[in-house]
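Visitor: Got a structure here, written out as structure tokens. Questions coming.
What follows is calculated from the coordinates using simple rules that are stated; it is not laboratory data. None of these values were measured; they are calculated from a predicted model. Here the Cβ positions follow ideal geometry from the backbone for every residue, glycine too, while neighbour counts run over all protein chains shown.
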Amino acid sequence: MAETVHHKVMFKALTHSIVTSLLFFPDEDFIELPKNLGLVSETVEYLTDDGVKLHNWFLPAEGAKACLLFLHGNAGNISGRLPKAAGWVKRGVSVFLLDYRGYGKSEGKIDNEVDLYLDGVAALKWLKEKKGIPLSQIILYGESLGSSLATELATREKFKGLILEAPFTNLLELARHHYSWLPSFLLRDFPFNNLEKIAKIHSPFFLIHGTEDEVCPYEMGQKILAQAPEPKRLFTVPGGAHNDLRDRAGEPYFDRPYEFLMG
């Protein structure tokens, strides 16, 4: 009996490890630093509610009337998102770049969906308590995987806005698109149901998506947009793939969401 239980525990641990290896691709090394892009930065470290130490960057904009909480995708770390952050700082919006547990210099690792949400809650707490920025001045920006965290947070409170870049409907549908052989029970710890949650948000919504997205299909973004409450806007990048939207779209990549949320 004890041996059977042991085998079940080992199997669960193994399958969980396989799933997380398919979902998360963190990098500890920074490929760029804020100063190299002419950005003023503050290194931010704090503990989440479950005691994990996170390492992040706060990039202040002169005379900022809003702050963008940038929630990146499943690969790399915050250093690879500095060019995107710079576009917002240039427009007078401060940016908080959050590295989830296990990414960059942040400790720990993501074991389930809740871990990601704890990281986001801790970031908001820091912005409110240390910088005095109210939720009404915070824009949630979710890129790919980060769309799940951004959408979840947007269901809990009202923010200045919610921007999703290349989101997916839910992890099960996305997994079936890429890994048709993967049993659905393996994803029980990571439902990431953006399609269900988007109807419950309380903030203006802006969607950015490329028509040729090879990771999160454009059609998934359309489903999310259809379920989102007003006000909402769509910025389609013709021919845009998953990781080239900023380069392909140019300045409108920043201008369109900025005008919608700040204008």
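Visitor: Only residues that are polar (S, T, N, Q) and either over 20 Å from Val237 (Cα atoms) or outside any loop (DSSP other than H, G, I, E, B) (or both): list them for region 146-186, please. Please lay out each step first, then the result.
Guide: First, pick out the residues of region 146-186 that are polar (S, T, N, Q): 147-148, 151, 155, 169-170, 180, 184.
Matches in region 146-186: Ser147, Ser148, Thr151, Thr155, Asn170, Ser180, Ser184.
Visitor: Quick one: how many residues across region 131-145 are free of Cβ contacts under 8 Å to residues at least 40 places away in the same chain, of a type outside the set (A, V, I, L, M, F, W, C) and in a helix (DSSP H, G or I)?
Guide: Of all residues in region 131-145, those free of Cβ contacts under 8 Å to residues at least 40 places away in the same chain come to 132, 134-136.
Those left that are additionally of a type outside the set (A, V, I, L, M, F, W, C): 132, 134, 136.
When the remaining residues are screened for being in a helix (DSSP H, G or I), the result is 136.
Going through region 131-145 one residue at a time, the tally reaches 1.
Visitor: Restricting to region 245-260, and then to whatever is touching a strand residue (DSSP E or B) at 6+ places or on another chain (Cβ under 6 Å) and free of Cβ contacts under 8 Å to residues at least 60 places away in the same chain, can you tell me which residue is nearest to Arg91 (Cα to Cα)? Before you say what the answer is, go through the steps one by one.
Guide: Let us first name the residues in region 245-260 that are touching a strand residue (DSSP E or B) at 6+ places or on another chain (Cβ under 6 Å), namely 245, 248-249, 256-257, 260.
Pick out the ones that are also free of Cβ contacts under 8 Å to residues at least 60 places away in the same chain and you get 248-249, 256.
Numbers: Arg248: 19, Ala249: 17, Arg256: 12 Å.
Filtering first and then ranking leaves Arg256.
Visitor: Do we find that Val40 is under 25 Å from Arg246 (Cα atoms), aliphatic (A, V, I, L, M), without any contact (Cβ under 8 Å) to a residue 24 or more places away in the chain and in contact with a Pro (Cβ under 9 Å, 6 or more places away or on another chain) in this structure? So that I can check it myself, show each step before the final result.
Guide: On the way: under 25 Å from Arg246 (Cα atoms): yes; aliphatic (A, V, I, L, M): yes; without any contact (Cβ under 8 Å) to a residue 24 or more places away in the chain: yes; in contact with a Pro (Cβ under 9 Å, 6 or more places away or on another chain): yes.
Spelling it out, Val40 is indeed under 25 Å from Arg246 (Cα atoms), aliphatic (A, V, I, L, M), without any contact (Cβ under 8 Å) to a residue 24 or more places away in the chain and in contact with a Pro (Cβ under 9 Å, 6 or more places away or on another chain).
Visitor: Write out, first by first residue and then by second, each pair whose Cβ atoms fall under 9 Å of each other, whose residues are 6+ apart or on separate chains, and whose first residue, in region 60-81, is of a type in the set (Ser, Thr, Tyr) while the second is in a strand (DSSP E or B).
Guide: Ser79/Trp57; Ser79/Leu97
Visitor: In this structure, is Gly132 surrounded by fewer than 24 Cβ atoms within 10 Å (Cβ to Cβ) and of a type in the set (Gly, Ala, Ser)? Before the answer, list the steps.
Guide: Details: surrounded by fewer than 24 Cβ atoms within 10 Å (Cβ to Cβ): yes; of a type in the set (Gly, Ala, Ser): yes.
When the stated conditions are applied, Gly132 passes them.
Visitor: With Glu251, Glu230 as the choices, which residue is closer than 24 Å to Leu195 by Cα, acidic (Asp, Glu) and exposed (fewer than 14 other Cβ atoms within 10 Å of the Cβ)?
Guide: On the way: Glu251 fails: closer than 24 Å to Leu195 by Cα.
Glu230 is the lone residue from the list that is closer than 24 Å to Leu195 by Cα, acidic (Asp, Glu) and exposed (fewer than 14 other Cβ atoms within 10 Å of the Cβ).
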